[in-house]
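The values are calculated or read from the model by the stated rules, or taken from the named source; none is laboratory data. Everything numeric here is computed off the predicted structure, so don't read it as measured data. These area figures cover heavy atoms from the full protein model, side chains too; ligands, DNA and RNA do not enter into them. Shrake-Rupley method; radii C 1.70, N 1.55, O 1.52, S 1.80 Å.
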Amino acid sequence: MIIIGITGTLGAGKGTVVDYLVKEKGFLHYSVRAFLLEKIRELGLPGNRDSMLEVGNKLRAEFGPSYAVDQLYLRALEAGGNAVIESVRTTGEIASLRRKGQFILLAVDAVPRIRYERIVLRNSETDQVSFETFMENERRESVSDDPAVPNLPACIKLADHIIMNNGTVGELIHSLESTLKL
């Protein structure tokens, strides 16, 4: 079983990479974001980035720095086959996944203005923010040395491969294919 972890900045194209791996390469998809949104809904909280950070940090504090990805990994093991785990955001999650076997960490990044334009078009429940709020959200996920707290730049530095996605979807897919060679 191959596990590909996807990390990267907000709106960089992580979901597009996941869609490709699922549709074209037969990977099963597991999302930390979706996992956290499940927990948020159970708690009756609003489905926004503040709730995601709060609930994610609370779960990691209570159950360990890699709780969400560990739960998703167990789901992947049960299902069998290759899997992609999207939204890896902490160094603790990466360390845990690296101990579990054949693991590749892929980071996706792009310049901030392009990423913001993408999230506006995506229009998910956590994406309805101003550019200033978008940048502040990213700053909040960029400063901690705690392995249980999101730090996107630290995760990107730990990636086996980094794909810059400032162009088209076709260019992204080409970069992905030449990088992963699956």
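Tabulated data
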| item | result |
| --- | --- |
| 1.4 Å probe accessible area per residue over segment 1-87, in Å² | 43 Å² |
| Percent of Cα pairs exceeding the 24 Å cut-off, where the set is the chain | 33 percent |
| Accessible area of segment 34-182 belonging to carbon and sulfur atoms, whole % at 1.4 Å probe | 54 percent |
| Which of Glu86, Glu132, Glu93 is most accessible, then next, and so on - probe 1.4 Å | Glu132, Glu86, Glu93 |
| Exposure rank, largest accessible area first [Ile162, Ile3, Ile173; 1.4 Å] | Ile162, Ile173, Ile3 |
| The chain: Lys pairs at Cα distance under 25 angstrom, eight or more positions apart or on different chains | 18 |
| Exposure of Val22 as accessible area (Å², to 10), given a probe of 1.4 Å and all protein chains | 50 Å² |
